[in-house]
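Written out below as structure tokens is the structure these notes cover.
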Amino acid sequence: MITFSKKQLKVPKLLRPVYLVTAGQSKFARAIPEKRTEELVVDAFTMAAKMIDKTPAELKRYIHTAYYGHFADHFGDQLLGEAVIHDRLGLDPLGNIGIKTGGATGGSTLWEAVKAVASGYSDCVLAMGWERMDEVPTDEGNHLISCAADKDWETPLGHIYTGYYAVMAQKYWQVFGKEEASFRHTMAEISVKHHGYARFNPFAQSPMKITVEDVLNSPVVAYPLRALDCCLMSVGAACAVICDEDTAMELTKDTKNKPLRIWVTAASHTLRPACRRDMEIPLLPNETADQYADIEERFPGGGRYPGFTGFLAARMAVWYAYRMTGVVEPMEDLDVVELHDAFTISDIQTYEDIGIRPYGSGRDYVESGDCYHTNPHTGQPGRLPSNLSGGLIGCMHAVGATGIMQTFEVATHIWNRWEEMHGDPALWEAFNRRKPDDWTDLQVVGAKRGMAISHAGVGSHVTATVVMDPDSLLKEDA
Amino acid sequence: MSMFGTVTVKGGKYRIRGDFHHITPNTPIRNEDREWQLVGVTNPRDMTYIHTYGGEAVFFEGLCQGKIHGSRCDNPGCEGKGTVYLPFRIHCPDCLGRNTVVDLTDVCRTTATIHTFMVCERSGAFNTLDKPIRFINVEFDGVSTILMSYLSVGEPKIGMRVIPIFRTLDPTYTITDLSWVPDGTSQDVLPKGFHL
């Protein structure tokens, strides 16, 4: 039984306001043979500078320390890759550090960057993440990913991470999905949505105009998960520049970017799902204990928490984040989210962990149409659009960059620059990609607040990055 | 002539014999679409790691003897006193005291049921299990955790009663030496090298 002390449940507090000033990213693809990692990183940094009308050299003069997210040294066969990148960015002899927390590496990199500014150590920092997953064939890549499971108790069992992850999907599928064809259909809709939104994103790796039937007919990876239910294996880089208030105002003066307030919280849970011990559900501000009193009755087998169906780390990351930032009802208080859709089913599980639906009711977020840019049932804007970038299924999962890409996406909506950053024909041409004739502007009109969830493995690390227009805060002293 | 790398411990130190890596030449990567220009180079790696099980060695040794060891916190001052762990935990996660090794073989034989499962059609490189792999997570009476393993006979179902089987012939001394079959399975249908 996991229990918490009062000190462990302290709501985090930044010592001063912290701002997201600009961000950038490279092209994402399964392989990018024509570029070294440093070239992708320079692409991302150059874009971030351009967004605030600076040259890379001008922006660099503001940076005091650097935080580098790169998960898998063994993929790139390069230890201390952070030192290589730092040198190539010409940031020596400034302090830098590498951060690695599996799939949550990008979010964790932002976590460290924000704390560095909040503490006063630095006034302006670079958070840069990348991953290079094209240096080995896919089956060896699967082995390398499986090394993120317990090397003695799990990795020898197939050397395939999907197997360790999908047992949780199977439990959710049977307990909360009740093995219903309608639930399987809803899972497929998520893939259709994310590959579909990726069509409007020039950075995205896997744009596809597909149907639910295409997903349901794709090859089985681990039943009920099929190939089109799974996230991508990618190459690419993304970055963000994080500042204190004075530096943020100076850097963005006379530019299109309004500095956005940013907070990041983090939580963790065992690497081995096997070692998940029972506990009470930590409640979010929009929940009561009563609502889960009969969960075993409604969903036989679902009474064990977090069991194999919830992600405790995701729940705790937002437990801290919502209290820190004043979010009470995420469906109302947030305007856009980017979630860690490693698999369609884990996307649904996350809806529940972060409180946009109660435990057991995640599917309703899709079936209601709330998760879409435009609700397909009503033709009206979705209540809380998710993964308009295409997410990990449609856009990319260049692990160290993913959490930063998600935050970039959320910020472009709040900056009201989504159309510019995704529709520019020059960008499509530069990436040698064809802009579709039916390209659609997915700008969330009037977006003021958003959140990105960055998630590792079977839920070993999760971060919640909350971004807000400083004139639309929910809590005065956040 | 090369030989597999082998390791023993003597006097608290590793004694290493044989070949632990093999040198393979780099080869160029060229672009077929651009007049075979050089793009990069392959970097072959073939290495053998030396890995200690430390305090978990008793578990992995036990498998080839038909035993499943777990561990239990017996610290009277710990809020988790009496909690039994499988997978084996060397230390209690609450008090960090050293856990007591307990033989759970009978518990596993009489109370194991499938908590969840996954039939996986694919594997990563270096996989040694037959595909599709029937991953199962097994729960036991009186044990706080749920062991990941694989089913060697039949099709898994949540709630199915299973019993352990052990690779006692040519063991690998890895977690793959432990597998499970439906309760009632007879010895003659077990995979080669495994025993009830």
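The values are calculated or read from the model by the stated rules, or taken from the named source; none is laboratory data. Note that the structure is a prediction, hence the values are computed from the model and not measured. Using ideal geometry, Cβ is built from the backbone for each residue, glycine included, and neighbour counts are taken over all protein chains shown.
Residue-by-condition table, conditions (1) closer than 30 Å to A:L473 by Cα; (2) under 20 Å from the mean Cα position of the chain (by Cα); (3) of a type outside the set (D, E):
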residue	(1), (2), (3)
A:V192	no, yes, yes
A:H195	no, yes, yes
A:N217	no, no, yes
A:A222	no, no, yes
A:D229	no, yes, no
A:M233	no, yes, yes
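In the set (1) in contact (Cβ under 8 Å) with a residue 24 or more places away in the chain; (2) under 26 Å from B:R122 (Cα atoms); (3) away from chain B (no Cβ under 14 Å), the condition left unmet by A:V175 is number (3).
Out of the residues in segment A:213-235 that are assigned to a loop (DSSP other than H, G, I, E, B) and within 14 Å of chain B (Cβ to nearest Cβ), which is surrounded by the fewest Cβ atoms within 10 Å (Cβ to Cβ)? Let's see the steps before the verdict.
Step one: list which residues in segment A:213-235 are assigned to a loop (DSSP other than H, G, I, E, B), which gives A:217-219, A:223-224, A:231-234.
Still in the list and also within 14 Å of chain B (Cβ to nearest Cβ): A:218-219, A:223-224, A:233.
Values: A:S218: 17, A:P219: 9, A:Y223: 16, A:P224: 23, A:M233: 20.
The selected residue is A:P219.
For the structure I just gave you, tell me whether A:K151 is of a type outside the set (S, T, N, Q), at positive phi and not assigned by TED's automatic domain parsing to the domain that holds A:F28. So A:K151 fails the test.
Taking segment A:323-421 and the helices (runs of 4 or more DSSP H) fully enclosed by it, the elements with 2 or more residues that are aliphatic (A, V, I, L, M) and in contact (Cβ under 8 Å) with a residue 40 or more places away in the chain are at A:344-353, A:391-394, A:399-414. Of all residues being in contact with an Asp or Glu (Cβ under 8 Å, 6 or more places away or on another chain) and not hydroxyl-bearing (S, T, Y) in segment A:167-187, which is surrounded by the fewest Cβ atoms within 10 Å (Cβ to Cβ)? Just the residue, please. Among residues in segment A:167-187 that are in contact with an Asp or Glu (Cβ under 8 Å, 6 or more places away or on another chain) and not hydroxyl-bearing (S, T, Y), the one surrounded by the fewest Cβ atoms within 10 Å (Cβ to Cβ) is A:W173. The number of residues in segment B:37-56 that are assigned to a loop (DSSP other than H, G, I, E, B) and in contact with a Pro (Cβ under 9 Å, 6 or more places away or on another chain) comes to 2.
Check A:T186 against each of (1) within 14 Å of chain B (Cβ to nearest Cβ); (2) touching a residue at least 60 places away in the same chain (Cβ under 8 Å); (3) closer than 26 Å to A:P300 by Cβ and name the one condition it does not meet. Of (1) within 14 Å of chain B (Cβ to nearest Cβ); (2) touching a residue at least 60 places away in the same chain (Cβ under 8 Å); (3) closer than 26 Å to A:P300 by Cβ, only one is false for A:T186: (1).
Number of residues in segment A:317-333 that are aliphatic (A, V, I, L, M) and crowded, with 24+ Cβ neighbours inside 10 Å equals 4.
Do we find that A:T138 is under 16 Å from A:V399 (Cβ atoms) and in contact with a strand residue (DSSP E or B) (Cβ under 7 Å, 6 or more places away or on another chain) in this structure? Break it down stepwise before answering.
Working: under 16 Å from A:V399 (Cβ atoms): yes; in contact with a strand residue (DSSP E or B) (Cβ under 7 Å, 6 or more places away or on another chain): no.
No: the conditions fail for A:T138.
Within segment A:28-42, residues that are not assigned by TED's automatic domain parsing to the domain that holds A:A401 reach partners that are basic (K, R) and assigned to a strand (DSSP E or B) with beta carbons closer than 6 Å, at six or more positions or on different chains, in the pairs A:T37/A:R132. If the condition is being in a loop (DSSP other than H, G, I, E, B) and surrounded by fewer than 20 Cβ atoms within 10 Å (Cβ to Cβ), then segment A:64-80 contributes A:H64, A:D77, A:Q78, A:L79, A:L80.
For first residues located in segment A:1-24 and under 21 Å from A:G326 (Cβ atoms) and away from chain B (no Cβ under 14 Å), partners that are surrounded by 12 or more Cβ atoms within 10 Å (Cβ to Cβ) and among the aromatic types (F, W, Y) and lie 6+ apart or on another chain with Cβ distances below 6 Å form the pairs A:P12/A:Y320. Here is the figure for segment B:43-88: residues that are farther than 30 Å from B:G18 by Cα, out of contact with any helix residue (DSSP H, G or I) (no Cβ under 9 Å at 6 or more places or on another chain), modelled with pLDDT of 95 or more and at the interface with another protein chain (Cβ under 10 Å from one of its Cβ atoms) total 1. Just one residue in the set A:A464, A:A411 is over 24 Å from A:I52 (Cα atoms) and among the hydrophobic types (A, V, I, L, M, F, W, C); that residue is A:A464. Restricting attention to segment A:118-141, does a residue exist that is more than 14 Å from chain B (Cβ to nearest Cβ), surrounded by fewer than 23 Cβ atoms within 10 Å (Cβ to Cβ) and under 18 Å from the mean Cα position of the chain (by Cα)? No, the conditions are met nowhere in segment A:118-141.
Go through A:A49, A:A83, A:A57 for me and flag whichever is outside any loop (DSSP other than H, G, I, E, B), in contact with a Pro (Cβ under 9 Å, 6 or more places away or on another chain) and surrounded by fewer than 24 Cβ atoms within 10 Å (Cβ to Cβ).
On the way: A:A83 fails: in contact with a Pro (Cβ under 9 Å, 6 or more places away or on another chain); A:A57 fails: in contact with a Pro (Cβ under 9 Å, 6 or more places away or on another chain).
Result: A:A49 is the single residue among A:A49, A:A83, A:A57 that is outside any loop (DSSP other than H, G, I, E, B), in contact with a Pro (Cβ under 9 Å, 6 or more places away or on another chain) and surrounded by fewer than 24 Cβ atoms within 10 Å (Cβ to Cβ).
The set of residues in segment A:265-297 being surrounded by fewer than 14 Cβ atoms within 10 Å (Cβ to Cβ) and either within 14 Å of chain B (Cβ to nearest Cβ) or closer than 22 Å to B:I158 by Cβ (or both) consists of A:D278, A:D294, A:E296, A:E297. For segment B:92-108, a tally of residues being exposed (fewer than 15 other Cβ atoms within 10 Å of the Cβ) and under 24 Å from A:F308 (Cβ atoms) returns 0. Residue under question is A:V241, and the condition is that it be buried (at least 24 other Cβ atoms within 10 Å of the Cβ), touching a strand residue (DSSP E or B) at 6+ places or on another chain (Cβ under 7 Å) and away from chain B (no Cβ under 14 Å); does it hold? So A:V241 fits the description; yes.
What strands (runs of 3 or more DSSP E) completely inside segment B:79-196 contain at least 2 residues that are touching a residue at least 24 places away in the same chain (Cβ under 8 Å), under 21 Å from A:A222 (Cβ atoms) and within 17 Å of the chain's Cα centre (by Cα)? Filter on segment B:79-196 gives B:133-139, B:147-150, B:178-182.
Looking only at residues in segment A:144-166 that are at the interface with chain B (Cβ under 7 Å from one of its Cβ atoms), within 23 Å of the chain's Cα centre (by Cα) and at pLDDT 90 or above, the one that is surrounded by the fewest Cβ atoms within 10 Å (Cβ to Cβ) is A:S146. Going by the conditions given, is B:T24 within 30 Å of B:I146 (Cβ to Cβ), of a type in the set (S, T, Y) and either under 23 Å from the mean Cα position of the chain (by Cα) or away from chain A (no Cβ under 11 Å) (or both)? No: the conditions fail for B:T24. Within segment A:236-281, restricting attention to residues that are in contact with a Leu (Cβ under 7 Å, 6 or more places away or on another chain) and within 24 Å of A:T155 (Cβ to Cβ), the residue that is modelled with the lowest pLDDT is A:A274.
If you go through segment A:194-212 and keep only what is assigned to a loop (DSSP other than H, G, I, E, B), hydrophobic (A, V, I, L, M, F, W, C) and touching a residue at least 24 places away in the same chain (Cβ under 8 Å), you end up with A:F200, A:F203, A:A204, A:M208. The residue that is farthest from A:H413 (Cα to Cα), among those in segment A:350-391 that are of a type in the set (S, T, N, Q) and buried (at least 24 other Cβ atoms within 10 Å of the Cβ), is A:T350.
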